[in-house]
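Working notes, beginning with the structure itself.
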Amino acid sequence: MRDDETPPQTPTGTLSPATPTASGTDTPATQAGPAAWLLRLVAVGLVLTALNLRPAITSLGALLEEVRDGLHMSGSVAGVLTSVPPLCFAVFGIMAPRLARRFGPGAVVCAGMTAITAGLVIRPLVGGTAGFLAASALALMGIAVSNVLMPVIVKRWFPDRVGSMTGLYSMALALGTSLAAAVTVPMTEAMGGSWKAGLGIWAALAAVAILPWIPLVRDRHTASGQPSAEQVRAPELRITRSRTAWALACFFGLQATAAYITMGWMPQIFRDAGVSAGTAGVLLAVTMAMGVPLAFVIPRVAARMRNQGPIVVFLGSCGLIGYAGLFLAPSGGAWAWAVLLGVSNCAFPLALTMISMRSRSGAGVVRLSAFAQSCGYLISIPGPLLVGVLYQHSGGWGLPIGLMAALMVPQMVVGTLAGRDRTIEDEC
């Protein structure tokens with residue numbers, strides 16, 4: 001078992017937070033850690049936040065055809081809509097470290113959950129495409145800053161449980177993703193068939209996630225209650241000089257490309273193959289649900305390995321087989337392809353784990369998380385849009401699926417490079 005999975009104990013038996021040493025590494029603090037109730041509150045906040053990081057996207061994927069008809073969207077415009085999530089994640093995610101330094105991570109995540117709630121409430125109420133995109137962007141802004149700060153909060157409050165806590169919130173994220181994909185269509189039908197009601201209902205879950213962060217709004221210090229000396233040294237870290245950081249950013253971007261194409265277009269692929277809308281939503285839910293157990297297992301396994309390259313290759317291979325199946329027999333083997341693509345999509349929790357492992361300090365994780373996720377989401381923007389254009393102009397799914405499969409190869413290459421046993425401090 002690796003050291004980052006073995007919690008040091010204080011004399012009173014409480015979990016000890018990490019404090020920076022002169023060398024910049026995290027070591028157990030000598031003073032008692034934060035109160036147990038506070039750690040539990042942060043853990044609950046992590047889980048509830050993670051549950052809300054994808055329903056705004058996968059609920060839309062399940063009802064994309066109805067939204068297109070209701071707002072009179074073309075295939076190309078729908079492709080733009082599926083590209084909005086990574087664009088917002090890239091633009092707003094880069095703001096997260098600065099906001100966290102000024103207001104504290106808890107306050108920023110609380111504001112993020114509020115933005116998600118507001119966006120999901122407003123989105124069904126607007127009558128045009130522009131307003132729908134603006135409300136979606138508001139929700140996605142909240143998701144963006146929370147995305148970046150999740151690894152940061154784990155490193156800050158649970159430095160000795162990086163693998164376990166990353167697995168916990170990754171599992172919750174996958175659960176929220178699959179739940180939205182599975183029940184959005186049935187809930188929409190139960191509420192009279194209105195896609196507006198089917199999308200708006202998810203605001204209730206987001207509102208609940210605001211509550212655990214309210215007590216942490218004024219917290220601007222480390223988990224130990226001391227100012228972070230790491231932040232003084234953070235500007236000296238020139239992350240753009242790190243090859244590992246760039247490899248991790250590219251890996252994050254390519255896995256995000258695959259994930260958002262899947263969430264945005266996979267139900268349509270199955271529906272065009274003759275699968276009913278309800279079954280197509282369930283198939284997307286199966287794909288997302290694969291991440292529930294695997295998102296907990298993979299980070300724990302990855303945290304025990306010095307090199308995560310073998311996991312990268314395994315996940316990529318599952319993706320290649322799944323895309324081949326979608327091309328050759330989309331309806332005949334639909335359930336198998338959904339499972340394989342679900343396994344492949346678990347590159348996301350692996351990437352989050354590597355972000356936490358590729359830096360020795362909390363400040364480094366902040367910088368690396370913002371850099372890898374913002375650059376990664378920028379890289380992923382053209383993918384869903386290009387799929388929409390190819391689908392509209394080719395009249396079928398052959399070319400789009402070929403593109404998805406082709407992108408899996410460089411994903412495996414850069415993921416293997418990012419998985420090597422080194423830290424960004426060694427390269428900057």
(request) State all residues of segment 119-129 that are of a type in the set (Gly, Ala, Ser) and surrounded by fewer than 18 Cβ atoms within 10 Å (Cβ to Cβ); if no residue qualifies, say none. (result) Gly127, Gly128
(message) I'd like to know if segment 242-259 contains one or more residues that are among the basic types (Lys, Arg), out of contact with any His (no Cβ under 8 Å at 6 or more places or on another chain) and modelled with pLDDT under 90.
(response) no
(request) Kindly indicate whether any position in segment 74-83 is β-branched (Val, Ile, Thr), modelled with pLDDT under 75 and not in a helix (DSSP H, G or I). (result) no
(request) List every residue pair whose Cβ atoms sit under 9 Å apart, with the two residues 6 or more apart in sequence or on different chains, where the first one lies in segment 393-407 and is surrounded by 13 or more Cβ atoms within 10 Å (Cβ to Cβ) and the second, anywhere, is of a type in the set (A, V, I, L, M, F, W, C) and outside any helix (DSSP H, G or I). (result) Trp397/Ala273
(message) Criterion first (open to solvent by less than 10 Å² (accessible area, probe 1.4 Å) and either touching a helix residue (DSSP H, G or I) at 6+ places or on another chain (Cβ under 6 Å) or at pLDDT below 85 (or both)) does Gly193 satisfy it?
(response) no
(message) Just to check your reading of the model, which residue among Thr49, Thr114, Thr58 is open to solvent by 10 Å² or more (accessible area, probe 1.4 Å) and in a helix (DSSP H, G or I)?
(response) Thr114
(request) Would you check if Ser374 is touching a Leu at 6+ places or on another chain (Cβ under 7 Å) and either at pLDDT below 85 or under 25 Å from Leu149 (Cα atoms) (or both)? (result) no
(request) Tell me, please, whether a residue that is over 22 Å from the mean Cα position of the chain (by Cα) and under 20 Å from Ala406 (Cβ atoms) can be found in segment 296-316. (result) no
(message) Taking the conditions exactly as written (open to solvent by less than 10 Å² (accessible area, probe 1.4 Å), out of contact with any Asp or Glu (no Cβ under 7 Å at 6 or more places or on another chain) and assigned to a helix (DSSP H, G or I)), does Ala134 satisfy them or not?
(response) no
(message) So, Gly364, is that one assigned to a helix (DSSP H, G or I), farther than 20 Å from Glu65 by Cβ and at pLDDT below 85 or not?
(response) yes
(message) Cβ contacts < 7 Å: first residue in contact (Cβ under 8 Å) with a residue 40 or more places away in the chain, restricted to segment 41-62; second residue among the polar types (S, T, N, Q) and crowded, with 24+ Cβ neighbours inside 10 Å, any location; separation 6+ or different chain. Result?
(response) Thr49/Ser146; Leu53/Ser146; Leu53/Asn147; Arg54/Thr177; Thr58/Thr177; Ser59/Thr184; Ala62/Thr184
(message) Given the options Thr279, Thr287, name the one that is under 16 Å from Glu65 (Cα atoms), more than 14 Å from the chain's Cα centre (by Cα) and of a type in the set (Ser, Thr, Tyr).
(response) Thr279
(message) I need the full set of residues from segment 303-355 which are under 24 Å from Tyr391 (Cα atoms), open to solvent by less than 20 Å² (accessible area, probe 1.4 Å) and in a helix (DSSP H, G or I), in order please.
(response) Gly316, Cys318, Gly319, Gly322, Tyr323, Gly325, Leu326, Ala334, Ala338, Leu341, Gly342, Ser344
(request) Please go through segment 84-101 and pick out each residue that is in a helix (DSSP H, G or I), open to solvent by 70 Å² or more (accessible area, probe 1.4 Å) and touching a residue at least 40 places away in the same chain (Cβ under 8 Å). (result) Leu87, Val91, Arg101
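The values are calculated or read from the model by the stated rules, or taken from the named source; none is laboratory data. From a predicted model like this one, the values you see are computed outputs, not experimental measurements. Cβ: placed from backbone, ideal geometry, glycine included. Neighbour counts: every protein chain shown. Accessible surface areas use protein heavy atoms only, side chains included; no ligands, DNA or RNA. Shrake-Rupley method; radii C 1.70, N 1.55, O 1.52, S 1.80 Å.
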